[in-house]
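Chemist: One structure, pasted below without further comment.
The values are calculated or read from the model by the stated rules, or taken from the named source; none is laboratory data. On a predicted model such as this, the values are computed, not experimentally measured, just so you know. No Cβ is skipped: glycine too gets one built from the backbone with ideal geometry, and neighbour counts run over all protein chains shown.
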Amino acid sequence: MRWQNERRRYTKQSMASQITLNLIEGSVRFNFSPEAAQALRAEINTLMARLKAVAARSGGGSVRSPESAMEYQHTGEVFLEIFCNPNIWPSPFAAKVLVTLRDDRIRLTTEAELTRVIEDLNTYLEQFA
């Protein structure tokens, strides 16, 4: 009986810690900790500042220095990598990120809209607030 109670508690925790990322076509769900989500949010906030800087400079004729790319990586039950080059997008609202999700059996690499990833992160983190 104790084992069944432990299993139920583990299942509840596992379900609560799953994040869904909506991709351009379809979605993917995987286990992700709130701490990792906070770290990703911080990286995305920095990326948004870079994207806004690029958009602000795009109107002038001056030579601009390129902004560094965002390369977020997290290793948990699966490996997650999110990459974005802010220099190729005209605005933060047009930006897309490259998402790679893999483990020892499968690898998924696709694009997602940055604004949608932000919404998905916020939705995920709301359950822990």
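Chemist: Restricted to segment 63-99, and to residues that are of a type in the set (S, T, N, Q) and assigned to a loop (DSSP other than H, G, I, E, B), which residue is surrounded by the most Cβ atoms within 10 Å (Cβ to Cβ)?
Modeler: N85
Chemist: Here's a follow-up. Output the residues belonging to segment 105-129 that are modelled with pLDDT of 95 or more, more than 19 Å from G26 (Cα to Cα) and in a loop (DSSP other than H, G, I, E, B).
Modeler: R105
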